[in-house]
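The values are calculated or read from the model by the stated rules, or taken from the named source; none is laboratory data. Bear in mind the structure is a predicted one, so any value in this text is a computation, not a measurement. No Cβ is skipped: glycine too gets one built from the backbone with ideal geometry, and neighbour counts run over all protein chains shown. Each accessible area value is taken on the protein alone, full model and side chains, heavy atoms only, with ligands, DNA and RNA left out. Shrake-Rupley method; radii C 1.70, N 1.55, O 1.52, S 1.80 Å.
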Amino acid sequence: MAILDILEFPDPRLRTVAKPVATVDERVRSMIADMFETMYAAPGIGLAATQVNIHERIITIDVSEDKSEPLVFINPEVEVLDGEPETMQEGCLSVPGFYEDVTRIEHCLVRALDKDGNPFELECRGLLAVCIQHEIDHLEGKLMVDYVSAFKRKRIKDKLEKKHKQEAKQGKR
């Protein structure tokens, strides 16, 4: 297993729309293992393959307190169920240090393949529902900052670009 580099906004590769996984094989399972290691080390509760420059429809999530409930979604599709849209503060490993209010549906059904390629459905509520929608946005080339005003998005972009330049000078990037 390996810890992968997480792309950070405004990296244009984050805008790439991920392609469906054709075959769930050892290569895909190895990527999933690396994604979990990266997500837990970051630390985060969700990671889309796009965020680590793998443009395939794979998501890893673990919203448990003790990191004991890892979930894998390959080629996920979401169906909105009942419930009102809910606004929650979201953070993102690709937009480090920023938390913004995002409105999403709080009850959905996810259809996907598991790490062995078996189809499954999972009804999601609350944080898990929000997390899965956030990660699917990544697979579509959409980011949390797309939900805020253009002014706020530019401010975040400028701050992260400044951080990236400082890291490059220090040899961290």
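With the requirement that a residue be open to solvent by 50 Å² or more (accessible area, probe 1.4 Å) and within 14 Å of the chain's Cα centre (by Cα), what does region 1-15 give you? Walk me through it before giving the result.
Let us first name the residues in region 1-15 that are open to solvent by 50 Å² or more (accessible area, probe 1.4 Å), namely 1, 3, 5, 12-13, 15.
Selection gives Asp5, Arg13, Arg15.
Look through Gly141, Gly91, Gly126, Gly117 and report the one residue that is more than 25 Å from Thr16 (Cβ to Cβ) and small (Gly, Ala, Ser).
Numbers: Gly141 fails: more than 25 Å from Thr16 (Cβ to Cβ); Gly91 fails: more than 25 Å from Thr16 (Cβ to Cβ); Gly117 fails: more than 25 Å from Thr16 (Cβ to Cβ).
After applying the criteria, what remains is Gly126.
Check off (1) open to solvent by 10 Å² or more (accessible area, probe 1.4 Å); (2) modelled with pLDDT of 95 or more; (3) of a type in the set (A, V, I, L, M, F, W, C) for Ile132 and give me the number that stays unchecked.
For Ile132, the failing item is (1).
Pull up region 55-78, narrow it to residues that are acidic (Asp, Glu) and open to solvent by 10 Å² or more (accessible area, probe 1.4 Å), then point me to the one that is farthest from Pro43 (Cα to Cα).
Of all residues in region 55-78, those acidic (Asp, Glu) come to 56, 62, 65-66, 69, 77.
Checking the rest, the ones that are also open to solvent by 10 Å² or more (accessible area, probe 1.4 Å) come to 56, 65-66, 69, 77.
Numbers: Glu56: 22, Glu65: 12, Asp66: 12, Glu69: 15, Glu77: 25 Å.
Residue satisfying both the conditions and the ranking: Glu77.
Tally the residues that are open to solvent by less than 70 Å² (accessible area, probe 1.4 Å), farther than 25 Å from Val24 by Cα and either of a type in the set (Lys, Arg) or not in a strand (DSSP E or B) (or both), restricting the search to region 101-129.
Just the residues of region 101-129 that are open to solvent by less than 70 Å² (accessible area, probe 1.4 Å), to begin with: 102, 104-110, 112-114, 117, 120, 122, 124, 126, 128-129.
When the remaining residues are screened for being farther than 25 Å from Val24 by Cα, the result is 102, 104-107, 126.
Of the ones still in play, those that are also either of a type in the set (Lys, Arg) or not in a strand (DSSP E or B) (or both) are 104, 106, 126.
Final tally of qualifying residues: 3.
Please list, ordered by first then second residue, the pairs with beta carbon atoms under 8 Å, 6 or more apart or interchain, first in region 83-100 and assigned to a strand (DSSP E or B), second open to solvent by 50 Å² or more (accessible area, probe 1.4 Å) and among the hydrophobic types (A, V, I, L, M, F, W, C).
Listed pairs, sorted by first residue: Met88/Leu127.
Would you point out the residue of region 18-40, among those that are of a type in the set (A, V, I, L, M, F, W, C), touching a Lys or Arg at 6+ places or on another chain (Cβ under 9 Å) and in a loop (DSSP other than H, G, I, E, B), that is most open to solvent (accessible area, probe 1.4 Å)?
Restricting to residues being of a type in the set (A, V, I, L, M, F, W, C), touching a Lys or Arg at 6+ places or on another chain (Cβ under 9 Å) and in a loop (DSSP other than H, G, I, E, B), the top hit is Val24.
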